[in-house]
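Colleague: Sharing a structure here in C-alpha coordinates format.
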Amino acid sequence: MTENEFIPTRYTAKIESGTVTYRSPSNIALVKYWGKREIQIPENPSISFTLNACATTTTVTFRAKKNTSDSFSFDFLFEGQPKNSFKPKILVFMQRIEKYLPFLKEYHFTIASNNSFPHSSGIASSASGMSALALCFMDIEKRLNPNMTESYFTMKASFLARLGSGSACRSIEGDLVQWGEHQGTTGSSDLYGIKYPYKVHEVFRNYHDTILLIDKGEKQVSSTLGHDLMHSNVYAETRFNQAHENLSKLKTVFAIGDLKSFITIVESEALTLHAMMMTSIPYFVLMKPKTLEVINEIWAFRESSKSNICFTLDAGANVHVLYPEKEKDIIYPFIKEKLVPYCQNGAHITDRIGFGAKKGVL
Ligand code: PMV
(Lines give C-alpha, C1' and ligand atoms only; values in the text may rest on other atoms or scores of the structure.)
Protein backbone atom coordinates (compact mmCIF):
# COMPACT_ATOMS: atom_id res chain seq x y z
CA MET A 1 0.00 0.00 0.00
CA THR A 2 1.17 3.53 -0.75
CA GLU A 3 0.27 6.71 1.16
CA ASN A 4 -2.16 7.80 -1.57
CA GLU A 5 -4.19 4.62 -1.22
CA PHE A 6 -5.18 5.82 2.26
CA ILE A 7 -6.90 8.91 0.82
CA PRO A 8 -10.62 8.10 0.50
CA THR A 9 -12.31 9.05 -2.74
CA ARG A 10 -15.94 9.44 -1.70
CA TYR A 11 -18.06 8.60 1.33
CA THR A 12 -21.23 6.68 0.60
CA ALA A 13 -23.10 7.31 3.87
CA LYS A 14 -24.11 10.38 5.86
CA ILE A 15 -24.01 10.44 9.62
CA GLU A 16 -25.03 13.16 12.11
CA SER A 17 -23.63 11.98 15.40
CA GLY A 18 -22.44 8.98 17.34
CA THR A 19 -20.02 7.56 19.84
CA VAL A 20 -17.27 4.94 19.74
CA THR A 21 -14.92 3.39 22.29
CA TYR A 22 -11.65 1.51 21.78
CA ARG A 23 -9.25 -0.02 24.29
CA SER A 24 -5.76 -0.10 22.85
CA PRO A 25 -2.71 -1.64 24.50
CA SER A 26 0.86 -0.48 24.87
CA ASN A 27 3.68 -2.49 23.30
CA ILE A 28 7.29 -3.29 24.14
CA ALA A 29 9.86 -3.32 21.37
CA LEU A 30 12.28 -6.26 21.08
CA VAL A 31 14.15 -4.65 18.16
CA LYS A 32 14.01 -0.93 18.84
CA TYR A 33 12.87 1.97 16.69
CA TRP A 34 15.21 4.88 17.37
CA GLY A 35 15.76 7.41 14.60
CA LYS A 36 13.25 8.66 12.04
CA ARG A 37 12.73 10.78 8.95
CA GLU A 38 9.79 13.08 8.14
CA ILE A 39 6.99 12.24 8.75
CA GLN A 40 7.40 9.37 11.19
CA ILE A 41 9.28 7.15 8.74
CA PRO A 42 11.55 4.87 10.77
CA GLU A 43 15.26 4.67 9.98
CA ASN A 44 15.15 0.95 10.76
CA PRO A 45 12.55 -1.78 11.14
CA SER A 46 11.37 -2.76 14.63
CA ILE A 47 9.32 -5.53 16.21
CA SER A 48 7.34 -5.61 19.45
CA PHE A 49 5.26 -7.72 21.76
CA THR A 50 1.81 -6.21 22.08
CA LEU A 51 0.98 -5.89 25.79
CA ASN A 52 -2.30 -6.61 27.53
CA ALA A 53 -2.68 -4.85 30.89
CA CYS A 54 -1.15 -1.48 29.99
CA ALA A 55 -3.77 0.16 27.83
CA THR A 56 -5.65 3.36 27.03
CA THR A 57 -9.41 3.39 26.66
CA THR A 58 -10.71 6.24 24.53
CA THR A 59 -14.30 7.24 23.81
CA VAL A 60 -14.96 9.66 20.97
CA THR A 61 -18.37 11.32 20.81
CA PHE A 62 -19.03 13.25 17.62
CA ARG A 63 -21.73 15.47 16.13
CA ALA A 64 -21.89 17.25 12.79
CA LYS A 65 -21.12 20.97 13.02
CA LYS A 66 -23.98 23.26 12.01
CA ASN A 67 -21.71 25.38 9.88
CA THR A 68 -18.65 23.66 8.52
CA SER A 69 -15.73 25.87 9.33
CA ASP A 70 -12.13 25.53 8.33
CA SER A 71 -10.90 24.55 11.78
CA PHE A 72 -10.79 21.47 13.96
CA SER A 73 -13.13 21.43 16.90
CA PHE A 74 -12.64 19.11 19.87
CA ASP A 75 -12.51 18.81 23.64
CA PHE A 76 -10.13 16.47 25.43
CA LEU A 77 -10.79 14.85 28.79
CA PHE A 78 -8.23 12.75 30.63
CA GLU A 79 -9.53 10.62 33.46
CA GLY A 80 -12.76 12.60 33.47
CA GLN A 81 -11.16 16.05 33.65
CA PRO A 82 -10.51 18.52 30.81
CA LYS A 83 -6.80 18.40 29.95
CA ASN A 84 -5.89 21.30 27.72
CA SER A 85 -2.16 20.65 27.94
CA PHE A 86 -2.66 17.59 25.72
CA LYS A 87 -4.70 19.42 23.07
CA PRO A 88 -1.76 20.74 20.98
CA LYS A 89 -0.53 17.16 20.45
CA ILE A 90 -3.99 16.05 19.28
CA LEU A 91 -4.27 19.11 17.04
CA VAL A 92 -0.95 18.27 15.33
CA PHE A 93 -2.20 14.70 14.92
CA MET A 94 -5.45 15.90 13.31
CA GLN A 95 -3.57 18.24 10.98
CA ARG A 96 -1.33 15.38 9.87
CA ILE A 97 -4.15 12.93 9.23
CA GLU A 98 -6.79 15.26 7.76
CA LYS A 99 -5.65 14.44 4.24
CA TYR A 100 -6.56 10.81 4.94
CA LEU A 101 -9.73 11.54 6.97
CA PRO A 102 -11.35 14.50 5.22
CA PHE A 103 -14.39 14.41 7.53
CA LEU A 104 -12.40 15.67 10.53
CA LYS A 105 -13.40 19.33 10.14
CA GLU A 106 -17.06 18.48 9.69
CA TYR A 107 -17.63 17.32 13.26
CA HIS A 108 -17.10 18.45 16.82
CA PHE A 109 -15.41 15.69 18.84
CA THR A 110 -15.30 15.02 22.54
CA ILE A 111 -12.33 12.75 23.19
CA ALA A 112 -12.23 11.11 26.63
CA SER A 113 -9.26 8.92 27.58
CA ASN A 114 -8.28 6.79 30.57
CA ASN A 115 -5.08 4.84 31.14
CA SER A 116 -5.05 1.51 32.95
CA PHE A 117 -1.62 2.28 34.36
CA PRO A 118 -0.96 4.99 36.94
CA HIS A 119 -0.46 8.52 35.68
CA SER A 120 3.21 9.61 35.56
CA SER A 121 4.40 6.03 36.08
CA GLY A 122 7.06 6.62 33.48
CA ILE A 123 5.13 4.31 31.13
CA ALA A 124 4.78 5.98 27.75
CA SER A 125 1.12 6.40 26.95
CA SER A 126 1.64 7.69 23.41
CA ALA A 127 1.51 4.22 21.80
CA SER A 128 -1.73 3.16 23.48
CA GLY A 129 -3.23 6.68 23.40
CA MET A 130 -2.57 7.45 19.75
CA SER A 131 -3.60 3.98 18.56
CA ALA A 132 -6.89 4.16 20.52
CA LEU A 133 -7.68 7.56 18.98
CA ALA A 134 -6.73 6.41 15.47
CA LEU A 135 -9.08 3.42 15.85
CA CYS A 136 -11.98 5.62 17.00
CA PHE A 137 -11.51 7.88 13.96
CA MET A 138 -11.33 4.83 11.70
CA ASP A 139 -14.57 3.53 13.16
CA ILE A 140 -16.24 6.82 12.18
CA GLU A 141 -14.77 6.53 8.68
CA LYS A 142 -16.16 3.01 8.43
CA ARG A 143 -19.63 4.34 9.19
CA LEU A 144 -19.19 6.83 6.33
CA ASN A 145 -17.87 4.08 4.06
CA PRO A 146 -19.55 0.84 5.22
CA ASN A 147 -17.96 -1.23 2.44
CA MET A 148 -14.50 -0.86 3.93
CA THR A 149 -12.77 -4.22 4.39
CA GLU A 150 -11.42 -5.35 7.74
CA SER A 151 -7.86 -5.57 6.46
CA TYR A 152 -7.96 -2.02 5.07
CA PHE A 153 -9.42 -0.81 8.39
CA THR A 154 -6.59 -2.39 10.39
CA MET A 155 -3.87 -1.23 8.03
CA LYS A 156 -5.14 2.32 7.89
CA ALA A 157 -5.61 2.47 11.69
CA SER A 158 -1.94 1.51 12.05
CA PHE A 159 -0.95 4.01 9.34
CA LEU A 160 -2.80 6.84 11.14
CA ALA A 161 -1.52 5.82 14.59
CA ARG A 162 2.03 6.01 13.21
CA LEU A 163 1.45 9.64 12.29
CA GLY A 164 0.54 10.31 15.95
CA SER A 165 3.46 8.44 17.49
CA GLY A 166 5.68 6.03 15.57
CA SER A 167 5.51 3.09 17.97
CA ALA A 168 1.69 3.46 18.17
CA CYS A 169 1.39 1.72 14.80
CA ARG A 170 2.49 -1.49 16.54
CA SER A 171 -0.43 -1.40 19.02
CA ILE A 172 -3.40 -2.17 16.76
CA GLU A 173 -2.88 -5.93 16.52
CA GLY A 174 -1.04 -8.61 18.44
CA ASP A 175 0.80 -10.54 19.50
CA LEU A 176 3.98 -9.73 17.57
CA VAL A 177 4.00 -6.73 15.26
CA GLN A 178 6.69 -5.59 12.87
CA TRP A 179 6.98 -2.08 11.49
CA GLY A 180 9.45 -0.86 8.90
CA GLU A 181 10.68 -2.23 5.61
CA HIS A 182 12.84 -5.28 6.01
CA GLN A 183 14.09 -7.35 3.12
CA GLY A 184 13.43 -10.65 4.83
CA THR A 185 9.83 -9.85 5.80
CA THR A 186 7.16 -10.07 3.13
CA GLY A 187 4.61 -7.26 3.36
CA SER A 188 6.66 -5.13 5.77
CA SER A 189 6.25 -1.39 5.34
CA ASP A 190 7.56 1.90 6.71
CA LEU A 191 3.98 3.16 6.66
CA TYR A 192 2.26 0.74 9.06
CA GLY A 193 2.81 -2.25 11.29
CA ILE A 194 1.98 -5.80 10.23
CA LYS A 195 1.25 -8.89 12.27
CA TYR A 196 4.46 -10.93 12.21
CA PRO A 197 3.87 -13.24 9.24
CA TYR A 198 6.15 -16.17 10.11
CA LYS A 199 6.10 -19.14 12.43
CA VAL A 200 6.37 -18.37 16.14
CA HIS A 201 7.23 -21.21 18.53
CA GLU A 202 4.78 -21.88 21.35
CA VAL A 203 7.38 -20.94 24.00
CA PHE A 204 6.64 -17.30 23.07
CA ARG A 205 2.92 -17.79 23.67
CA ASN A 206 1.71 -15.97 26.78
CA TYR A 207 5.17 -14.45 27.35
CA HIS A 208 5.33 -12.36 30.51
CA ASP A 209 6.48 -8.76 30.94
CA THR A 210 6.70 -7.55 34.52
CA ILE A 211 7.35 -3.82 34.37
CA LEU A 212 9.42 -2.44 37.22
CA LEU A 213 8.70 1.23 37.84
CA ILE A 214 12.16 2.32 38.88
CA ASP A 215 11.66 6.01 38.35
CA LYS A 216 8.34 7.72 37.90
CA GLY A 217 9.76 11.17 37.20
CA GLU A 218 9.45 13.14 33.98
CA LYS A 219 12.06 12.08 31.43
CA GLN A 220 14.76 14.72 30.95
CA VAL A 221 14.84 14.10 27.20
CA SER A 222 11.74 13.38 25.12
CA SER A 223 11.80 10.55 22.59
CA THR A 224 11.12 13.13 19.84
CA LEU A 225 14.43 14.81 20.65
CA GLY A 226 16.15 11.44 21.08
CA HIS A 227 15.06 10.32 17.58
CA ASP A 228 16.29 13.65 16.17
CA LEU A 229 19.74 13.26 17.67
CA MET A 230 20.25 10.09 15.62
CA HIS A 231 20.67 12.32 12.53
CA SER A 232 24.12 13.32 13.79
CA ASN A 233 25.06 10.20 15.78
CA VAL A 234 28.30 8.80 14.36
CA TYR A 235 27.14 5.23 15.04
CA ALA A 236 23.73 5.68 13.39
CA GLU A 237 24.34 3.75 10.15
CA THR A 238 25.91 0.81 11.96
CA ARG A 239 23.00 0.77 14.39
CA PHE A 240 20.37 0.84 11.62
CA ASN A 241 22.11 -2.08 9.89
CA GLN A 242 22.27 -3.98 13.16
CA ALA A 243 18.47 -3.70 13.55
CA HIS A 244 18.00 -5.24 10.08
CA GLU A 245 20.35 -8.08 10.99
CA ASN A 246 18.68 -8.70 14.34
CA LEU A 247 15.30 -8.96 12.63
CA SER A 248 16.73 -11.49 10.20
CA LYS A 249 18.18 -13.53 13.07
CA LEU A 250 14.88 -13.42 14.96
CA LYS A 251 13.15 -15.27 12.14
CA THR A 252 14.89 -18.54 13.08
CA VAL A 253 14.81 -17.72 16.79
CA PHE A 254 11.00 -17.35 16.72
CA ALA A 255 10.56 -20.41 14.53
CA ILE A 256 12.52 -22.85 16.67
CA GLY A 257 12.00 -21.21 20.08
CA ASP A 258 15.70 -20.49 20.62
CA LEU A 259 15.45 -18.64 23.94
CA LYS A 260 19.21 -18.19 24.43
CA SER A 261 19.56 -16.28 21.15
CA PHE A 262 16.32 -14.41 21.87
CA ILE A 263 17.80 -13.15 25.15
CA THR A 264 21.05 -12.06 23.49
CA ILE A 265 19.23 -10.10 20.79
CA VAL A 266 16.69 -8.49 23.11
CA GLU A 267 19.16 -7.41 25.79
CA SER A 268 21.65 -6.18 23.20
CA GLU A 269 18.89 -4.13 21.56
CA ALA A 270 17.98 -2.51 24.89
CA LEU A 271 21.58 -1.64 25.71
CA THR A 272 22.24 -0.39 22.17
CA LEU A 273 19.22 1.94 22.44
CA HIS A 274 20.73 3.47 25.56
CA ALA A 275 24.22 3.48 24.02
CA MET A 276 22.78 5.60 21.20
CA MET A 277 21.54 8.09 23.81
CA MET A 278 24.96 8.16 25.47
CA THR A 279 26.75 8.69 22.14
CA SER A 280 24.46 11.45 20.84
CA ILE A 281 25.60 15.06 20.99
CA PRO A 282 24.31 16.35 23.34
CA TYR A 283 24.57 13.01 25.17
CA PHE A 284 22.16 11.91 27.84
CA VAL A 285 21.50 8.99 30.16
CA LEU A 286 17.99 7.80 30.99
CA MET A 287 18.99 4.78 33.07
CA LYS A 288 19.22 5.27 36.83
CA PRO A 289 21.58 3.50 39.25
CA LYS A 290 18.73 1.15 40.18
CA THR A 291 18.22 0.24 36.52
CA LEU A 292 21.78 -1.14 36.46
CA GLU A 293 21.38 -2.85 39.83
CA VAL A 294 18.27 -4.63 38.55
CA ILE A 295 20.08 -5.69 35.36
CA ASN A 296 22.89 -7.19 37.44
CA GLU A 297 20.40 -9.01 39.67
CA ILE A 298 18.71 -10.45 36.56
CA TRP A 299 22.02 -11.65 35.14
CA ALA A 300 23.07 -13.26 38.43
CA PHE A 301 19.71 -15.01 38.83
CA ARG A 302 19.74 -16.22 35.23
CA GLU A 303 23.14 -17.78 35.86
CA SER A 304 22.22 -19.44 39.16
CA SER A 305 18.71 -20.59 38.19
CA LYS A 306 19.52 -21.51 34.56
CA SER A 307 16.24 -19.85 33.69
CA ASN A 308 15.40 -17.70 30.68
CA ILE A 309 14.66 -14.42 32.46
CA CYS A 310 15.82 -11.35 30.53
CA PHE A 311 15.21 -7.63 30.39
CA THR A 312 14.50 -4.88 27.96
CA LEU A 313 14.26 -1.12 28.38
CA ASP A 314 12.33 1.59 26.63
CA ALA A 315 13.39 5.23 26.57
CA GLY A 316 13.47 5.56 30.34
CA ALA A 317 14.73 4.04 33.60
CA ASN A 318 12.02 1.38 34.00
CA VAL A 319 12.92 -2.25 33.40
CA HIS A 320 10.72 -4.70 31.49
CA VAL A 321 11.40 -8.22 32.78
CA LEU A 322 10.55 -10.80 30.12
CA TYR A 323 10.08 -14.54 30.72
CA PRO A 324 8.22 -17.56 29.34
CA GLU A 325 4.94 -18.74 30.85
CA LYS A 326 6.38 -22.11 31.83
CA GLU A 327 9.08 -20.50 34.00
CA LYS A 328 6.82 -18.07 35.86
CA ASP A 329 6.75 -20.14 39.05
CA ILE A 330 10.46 -19.69 39.62
CA ILE A 331 10.87 -16.23 38.08
CA TYR A 332 7.96 -14.27 39.52
CA PRO A 333 8.83 -15.06 43.19
CA PHE A 334 12.39 -13.86 42.47
CA ILE A 335 11.05 -10.63 40.95
CA LYS A 336 8.81 -10.02 43.98
CA GLU A 337 11.50 -10.73 46.50
CA LYS A 338 14.60 -9.25 44.86
CA LEU A 339 13.56 -6.77 42.17
CA VAL A 340 10.38 -5.11 43.41
CA PRO A 341 12.31 -3.53 46.35
CA TYR A 342 14.19 -1.43 43.74
CA CYS A 343 10.90 0.06 42.50
CA GLN A 344 9.54 3.38 43.72
CA ASN A 345 7.14 2.39 46.52
CA GLY A 346 7.30 -1.16 45.18
CA ALA A 347 5.39 -0.11 42.05
CA HIS A 348 5.34 -2.72 39.30
CA ILE A 349 2.87 -3.96 36.67
CA THR A 350 2.43 -7.62 35.83
CA ASP A 351 1.74 -7.64 32.13
CA ARG A 352 2.00 -10.20 29.36
CA ILE A 353 1.73 -10.51 25.63
CA GLY A 354 -1.65 -9.37 24.26
CA PHE A 355 -3.68 -9.58 21.13
CA GLY A 356 -4.34 -5.99 20.18
CA ALA A 357 -7.00 -3.33 20.45
CA LYS A 358 -10.65 -4.07 21.19
CA LYS A 359 -13.77 -2.14 20.37
CA GLY A 360 -16.38 -1.08 22.84
CA VAL A 361 -14.66 -1.83 26.13
CA LEU A 362 -15.38 0.94 28.61
O1 PMV B 1 6.96 6.16 19.34
P2 PMV B 1 8.00 7.02 19.97
O3 PMV B 1 8.36 8.18 19.13
O4 PMV B 1 7.62 7.41 21.38
O5 PMV B 1 9.37 6.16 20.08
C6 PMV B 1 9.48 5.01 20.87
C7 PMV B 1 10.87 4.57 20.95
C8 PMV B 1 11.17 3.40 21.88
O9 PMV B 1 10.12 3.13 22.76
C10 PMV B 1 12.40 3.74 22.68
C11 PMV B 1 11.50 2.14 21.07
C12 PMV B 1 10.36 1.45 20.39
O13 PMV B 1 10.59 0.86 19.34
O14 PMV B 1 9.24 1.46 20.94
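The values are calculated or read from the model by the stated rules, or taken from the named source; none is laboratory data. The structure displayed is predicted, hence computed values, not measured ones. Every residue, glycine as well, gets a Cβ built from its backbone with ideal geometry; the counts of neighbours run over all protein chains shown. Side chains included, ligands, DNA and RNA excluded: accessible areas come from the protein's heavy atoms. Shrake-Rupley method; radii C 1.70, N 1.55, O 1.52, S 1.80 Å.
Colleague: Can you grab the distance from the C-alpha centre of segment 1-19 to the C-alpha centre of segment 175-202, Å, no decimals?
Modeller: Cα centres, segment 1-19 to segment 175-202: 26 Å.
Colleague: Leaving out ligands and nucleic acids, note down the accessible area per residue over segment 1-126 with a 1.4 angstrom probe, in whole Å². Walk me through the numbers on the way to the answer.
Modeller: Values: 5920 Å² over 126 residues.
Using a 1.4 Å probe on heavy atoms only, each residue of segment 1-126 averages 47 Å².
Colleague: Mind giving me the nanometre distance, one decimal, between the label points for ASN241 and THR110, set 7 Å out from Cα along Cα→Cβ?
Modeller: Those two pseudo-labels are separated by 5.6 nm.
Colleague: Moving on to the next point. Expressed as an acute angle from 0 to 90° and rounded to the nearest 10, what is the orientation of the C-alpha long axis of helix 289-305 relative to the principal long axis of the chain?
Modeller: 60 degrees
Colleague: Restricting to DSSP loop positions (anything but H, G, I, E, B) with no more than 10 other Cβ atoms inside 10 Å of their own Cβ, which GluC sites (Glu not before Pro) remain in segment 176-224? Could the numbers behind the result be given before it?
Modeller: On the way: sites: GLU181, GLU202, GLU218; in loops: GLU181, GLU218.
Sparse-neighbourhood loop GluC sites (Glu not before Pro): GLU218.
Colleague: Expressed as an acute angle from 0 to 90° and rounded to the nearest 10, what is the orientation of the C-alpha long axis of helix 150-164 relative to the principal long axis of the chain?
Modeller: 80 degrees
Colleague: Net charge near LEU191, counting Lys/Arg +1 and Asp/Glu -1 over other residues with Cβ under 12 Å of its Cβ?
Modeller: Charge balance in the 12 Å sphere: -2.
Colleague: May I pose another question? With a cut-off of 8 Å between alpha carbons and a minimum separation of six or more residues, what is the relative contact order of the chain in percent? Could the numbers behind the result be given before it?
Modeller: Numbers: 743 pairs, mean separation 88.4, N = 362.
Relative contact order of the chain: 24 percent.
Colleague: In nm, to one decimal, how far is the LYS359 label point from the GLN220 one, both placed 7 Å along Cα→Cβ?
Modeller: 4.6 nm
Colleague: Let me ask you something else. Using only helices, what value at 222 nm comes out for the chain when you add -39,500 (n - 2.57) per DSSP H run of length 4 or more and divide by the total residues, to the nearest 500 deg cm²/dmol?
Modeller: Details: 8 runs with 117 residues, N = 362.
So the helix-based figure for the chain works out to -10500 deg cm²/dmol.
Colleague: If R0 is 45 Å, what FRET efficiency do you get for THR19 and VAL200 from their C-beta distance, rounded to 0.05?
Modeller: Values: r = 36 Å, r/R0 = 0.81.
The calculated FRET efficiency here is 0.80.
Colleague: Applying 1/(1 + (r/R0)^6) with R0 = 30 Å to the Cβ-Cβ distance of ASN84 and VAL234, what FRET efficiency is obtained, to the nearest 0.05? Let's see the in-between values first.
Modeller: Values: r = 41 Å, r/R0 = 1.35.
Once the sixth-power term is evaluated, E becomes 0.15.
Colleague: Quick one: helix 87-97 against the long Cα principal axis of the chain, what's the angle to the nearest 10°, folded into 0 to 90?
Modeller: So the helix axis and the longest Cα principal axis differ by about 70 degrees.
Colleague: Working out 0.36 nm times the residue gap between ASP75 and THR350, then minus their Cα-Cα distance, what length gain in nm do you get to one decimal?
Modeller: Values: separation 275, 0.36 × 275 = 99.00 nm, distance 3.27 nm.
So the extension gain works out to 95.7 nm.
Colleague: Now, a different point. At a 1.4 Å probe radius, carbon and sulfur cover how many percent of the accessible area of the chain? Intermediate values should be presented prior to the final figure.
Modeller: Values: 8330 of 16000 Å².
Within the chain, the accessible surface is 52 percent carbon and sulfur.
Colleague: Which order do the peptides 262-269, 303-310 come out in when sorted by mean C-beta neighbours inside 10 angstrom, highest first? Write out the running numbers ahead of the final one.
Modeller: On the way: 262-269: 19.1, 303-310: 14.9.
Per-residue mean Cβ counts within 10 Å order the peptides as 262-269, 303-310.
Colleague: Tell me the net charge near ASN318. Cut-off is 14 Å between Cβ atoms, ASN318 excluded, with +1 for each Lys or Arg and -1 for each Asp or Glu.
Modeller: Numbers: positive: LYS216, LYS219, LYS288, LYS290; negative: ASP209, ASP215, GLU218, GLU293, ASP314, ASP351.
Charge balance in the 14 Å sphere: -2.
Colleague: Once amide H atoms are placed 1.01 Å from N in the peptide plane, what residues at a sequence separation of 5 or more from LEU30, or on another chain, have their amide H within under 5 Å of its amide H?
Modeller: Distant-sequence amide H within range of LEU30: ILE47, SER48, PHE49.
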